[in-house]
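K.L.:
Take a look at this one; I'll ask things after.
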């Protein structure tokens, strides 16, 4: 997979994870409303930015950002976003 595309998918997954954690906390958690709102807003921003990169990877200039940095951010986003989605699913299943 191309590095810029991997970066985009990582940011999208991280955004989905943030939105999922915010929704899970709203439904079943004990966090304050402001923290939930911040999670949701950050998640929506990440989703939008990541979607923009996935639909047009040329938006990121490889001469401005190191391909190694893009790769690391992509992998970390994929791992963290996936973990956040899994955690949210686990909380929902345990709450039901």
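K.L.:
I need 59, 4 ordered by Cβ neighbour count within 10 Å, fewest first.
P.N.:
Working: 59 12, 4 22.
Final ranking by Cβ density, sparse to dense: 59, 4.
K.L.:
Also, quick follow-up: For helix 3-28, report the angle its Cα long axis makes with the longest principal axis of the Cα atoms of the chain; keep it between 0 and 90° and round to the nearest 10°.
P.N.:
10
K.L.:
Please work out the C-alpha center-to-center distance from the stretch 3-54 to the stretch 68-96 and express it in whole Å.
P.N.:
10
K.L.:
Among 30, 17, 50, which one shows the highest mean-square fluctuation when the chain is modelled as a Gaussian network with alpha-carbon springs under 10 Å?
P.N.:
Of the options given, 30 has the highest mean-square fluctuation.
K.L.:
Cut-off 10 angstrom, C-alpha nodes, Gaussian network model of the chain. Which of 22, 74, 48 fluctuates the most?
P.N.:
Largest GNM mean-square fluctuation: 48.
K.L.:
Under a 10 Å cutoff between Cα atoms, tell me which one of 40, 27, 86 has the largest fluctuation in the Gaussian network model of the chain.
P.N.:
27
K.L.:
Could I have the simple spin-label model distance between residue 58 and residue 5, label points 7 Å from Cα toward Cβ, reported in nm to one decimal?
P.N.:
If labels sit at residue 58 and residue 5, their model points lie 1.5 nm apart.
K.L.:
Please compute the length gained on full extension between residue 41 and residue 69, using 0.36 nm multiplied by the number of residues separating them and subtracting their Cα-Cα distance.
P.N.:
7.6 nm
K.L.:
Still on this structure: Determine the relative contact order of the stretch 3-95: mean sequence separation of Cα pairs under 8 Å and six or more apart, normalised by residue count, in whole percent.
P.N.:
52
Read-outs throughout are calculated quantities, based only on the coordinates presented, and are distinct from any laboratory measurement. Note that the coordinates shown come from a computational prediction; the quantities given were computed from them, not determined experimentally. No Cβ is skipped: glycine too gets one built from the backbone with ideal geometry, and neighbour counts run over all protein chains shown.
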